[in-house]
Structure formats: C-alpha cells, structure tokens
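Taking it in order: structure first as structure tokens, then the write-up.
The values are calculated or read from the model by the stated rules, or taken from the named source; none is laboratory data. Keep in mind that this is a model prediction, so the values were computed, not measured. So basically every Cβ, Gly included, is an ideal-geometry build from the backbone, and we count neighbours across all protein chains shown.
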C-alpha cells in the first residue's frame, strides 16, 4: 500500500498501542498497525483487490448504551467469519489484532452508534492470479450513519439475477462476490423497489442483497434456509430469540405469509411492506422482535450481555 507524502504510515503486523488521536482531526481509520487520517492512504493502481476483488470484509455495528458508553454487537462471531474468508484467500488474519483495531477506531472517532467496516485485502506484487507474492493489508473504518435498511419497512422485489452458487463462490464476505449484490440492488432500484430478493432456478428463496429472510404464518416464525445464502450472525441471533424454524422456503410460500422481515447487521430487523405486488399489513410480530433486538444491542437486557463487547 502506497501512501501520500503528507501522512506517511509505516506498515506493521503488530497491534498498535491505544494512543488515539484528537477527535478534532476525525475521521480516523486503523491501517496496518497505526491510526491514520481516513483520507491519507492511497492504493497503487495495480492493487490486486482493485482488479480482482481479492479481499474479505465484515459489517459490524456498535451501539450507544445507557451508561454513556458503547458496545459492539457479537464482535467475536464477526471476526471469526472474517478469518474464514481470509484463510481462503491466503491472508494472514489475527482475530485479536483485528478486534482491538475495531475498538481503537471507535474510540479515536468517538463513535457510539456506528457501522464498522474491517477490510483485509491483497495489495501489490503481481497483476496475475497467484496471490502468494502479494502484500497483505488490514484496515478498519467506522461510519456514524445507516448504510442499509436499518430497520425501515422496505419494498422488496424479486431479482432477475441469481445468487452466486455456493459451489462456485462460498457464501462469505469476499469482496468480489458482492458485485452480485450490486447488480441486484441496482436493478431493484431501477424498478422502484428498496431491496432485491434472490431466488434460485426452482423458485426457492435464497436471501436479499445484504440480509437474510424470515416469514411469519399463523404465528409461526420461519427462517428461510438456502445453501447459497450467507450464514448470517443476525439471522442466528433471531433464530435463538424467536425459536424460528430454519428450512427452505419457496417464493410462493413467502408471498402467502402474514408477515415477512429481513435481518442483517446493517438492516437490523426490517419489516417488509410489500413483495412484488403483495402488500403486507402492520407486521406486529416483526415489530415485537425489532424492539427486542434494539434493547439487546443497547445492553438493556442483561440476559444477552455476553453478546456485547464494551468499547
């Protein structure tokens, strides 16, 4: 990674000391072992990840807590999933270092409610497909604003695109794989929807561009399961909270549900107002668990304090 002359940053594989800069110079990012101005790093034009998407990322959230502090929701689970993606790309990934980098970046930016983006990627060394000679990099940025549905009721449309099949591309947060989501999201927006729903060739529900799918029918809650879908951390959270059954769900069954909602770190628990031309009602079950989720992530339910990492 090449950097501009105004803000030189040394590459390091060591966890930095927590010497957070003054907040007046924010925003800051953690980059290769040091806290730097978010605008200072510049990647060379031959950066491998820029050409081939050879990186892995996570989407994580921190929340303001009632004691005036902040907590990161399910940080260890996010870091472990990121490690799995890094292993596939041959990127060395230190879970402890990355976790500490997340906390340091939040402190440096004085962010409480924030979206957190750690990214590990392959840099320079070759323009070919052999990744062994490439440099490796890690950064963490925090953003104090919603980046996806963030709990809002959404109009959902079935996408004309298919999800990346798991036998071709594992359902992890590999950078290049998300072009699939970009295409589907763009198509959905052009058609007047907020979000796109992937189904497979047999009409079985996969997931949305950045969220897993649930439905409610006659009081029973079902989590749509598909081999091509991301094994969502928020999905696992809601299955535990709701007692939902996890199984394949057809598109026709989904359209006949009493309620549909989607979930993800950025989406949180978002009710679906409509699916194609099917309009859903007030979504009372969804709203109940949306409120419970909001209490848990803000540390207002002691039963789930083990899911929170204090900033």
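Here are some notes:
- Scanning the stretch 271-286 for residues that are modelled with pLDDT of 95 or more and buried (at least 16 other Cβ atoms within 10 Å of the Cβ) gives 271, 272, 273, 274, 275, 280, 285, 286.
- Residue 51 being at pLDDT 95 or above, assigned to a helix (DSSP H, G or I) and either assigned by the TED database to the domain that holds residue 268 or out of contact with any strand residue (DSSP E or B) (no Cβ under 9 Å at 6 or more places or on another chain) (or both): yes
- Considered as a group, the residues in the stretch 20-46 that are within 16 Å of residue 144 (Cα to Cα) and not in a strand (DSSP E or B) include one that is modelled with the lowest pLDDT, and that residue is 23.
For (1) assigned by the TED database to the domain that holds residue 35; (2) under 13 Å from the mean Cα position of the chain (by Cα), each residue gets a yes or a no:
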site: 139; (1), (2): yes, no
site: 158; (1), (2): no, no
site: 162; (1), (2): no, no
site: 165; (1), (2): no, no
site: 168; (1), (2): no, no
site: 172; (1), (2): no, yes
site: 176; (1), (2): no, no
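- Within the stretch 122-145, the set of residues being more than 23 Å from residue 104 (Cβ to Cβ) and either touching a residue at least 12 places away in the same chain (Cβ under 8 Å) or in contact with a helix residue (DSSP H, G or I) (Cβ under 8 Å, 6 or more places away or on another chain) (or both) comprises 122, 124, 125, 126, 127, 129, 131, 132, 134.
- Meets criteria (out of contact with any helix residue (DSSP H, G or I) (no Cβ under 6 Å at 6 or more places or on another chain), within 17 Å of residue 266 (Cβ to Cβ) and not assigned by the TED database to the domain that holds residue 168) for residue 114: yes
- Among helices (runs of 4 or more DSSP H) entirely within the stretch 158-265, having at least 1 residues that are under 20 Å from residue 117 (Cα atoms) and out of contact with any strand residue (DSSP E or B) (no Cβ under 9 Å at 6 or more places or on another chain) singles out 179-190.
- Criterion: more than 20 Å from residue 171 (Cα to Cα), within 15 Å of the chain's Cα centre (by Cα), at pLDDT 95 or above and buried (at least 17 other Cβ atoms within 10 Å of the Cβ) - qualifying residue of 57, 73: 73
- Residue match in the stretch 226-237 (condition: in contact with a helix residue (DSSP H, G or I) (Cβ under 7 Å, 6 or more places away or on another chain) and in contact (Cβ under 8 Å) with a residue 60 or more places away in the chain): yes
- Flag if residue 219 is loosely packed, with under 15 Cβ neighbours inside 10 Å and either under 15 Å from the mean Cα position of the chain (by Cα) or assigned by the TED database to the domain that holds residue 292 (or both): yes
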